[in-house]
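Participant: Sharing a structure below in structure tokens format, with a few things to ask.
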Amino acid sequence: MQVIGLTPYLVVASTLFCLGVFCVLTRRNSIGILIGVELMLNAANVNIVAFSRYVGDPVGGQIFAILVILLAASEAVIFLGLLMAVYQRFDTIEVDKVSLLKDEVPGDDAHERA
């Protein structure tokens with residue numbers, strides 16, 4: 001049986017991380033940005049497990065990877081909750097339009113009353 005070295009795991013992890021960065025930088029939709037962040041976290045998990053297996057302690061790396069997966073899941077839940085609130089307020093989930101509407105809320109007459 002041929003043993004797979006560390007290099008293929010690092011290549012896969014760096015490819016995942018680069019795809020995640022590309023997704024975060026090029027997507028205008030906030031769900032696409034969330035997917036990019038998740039890809040970057042998965043790349044970190046691949047690195048953690050690969051290095052722990054290479055060092056000789058696979059259990060420690062897998063436990064840490066599970067903690068990172070739990071962190072990613074909680075981050076996704078919080079992000080989707082914020083996304084629902086933004087959509088209810090602005091009727092869009094595109095990041096560019098939401099950042100342009102910081103002071104303008106549709107249906108908000110507070111600036112006219114002042």
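Participant: If you average over every viewing direction, what projected area does the convex hull of the Cα atoms of segment 6-104 give, in nm²?
Facilitator: Dividing the Cα hull surface by four gives the mean projection, 6.6 nm².
Participant: Using unit Cβ charges (K, R positive; D, E negative) and no other charged atoms, how large, in debye to the nearest 20, is the dipole of the chain about its Cα centre?
Facilitator: About 460 debye.
Participant: Using the alpha-carbon atoms, what tilt in degrees (0 to 90, nearest 10) does helix 58-90 show relative to the longest principal axis of the chain?
Facilitator: With rounding to tens, the tilt is 10 degrees.
Read-outs throughout are calculated quantities, based only on the coordinates presented, and are distinct from any laboratory measurement. Everything numeric in this text was worked out from a predicted model, so none of it was measured. Quick reminder, even Gly has a Cβ in these numbers, built from the backbone with ideal geometry, and neighbours come from all protein chains shown.
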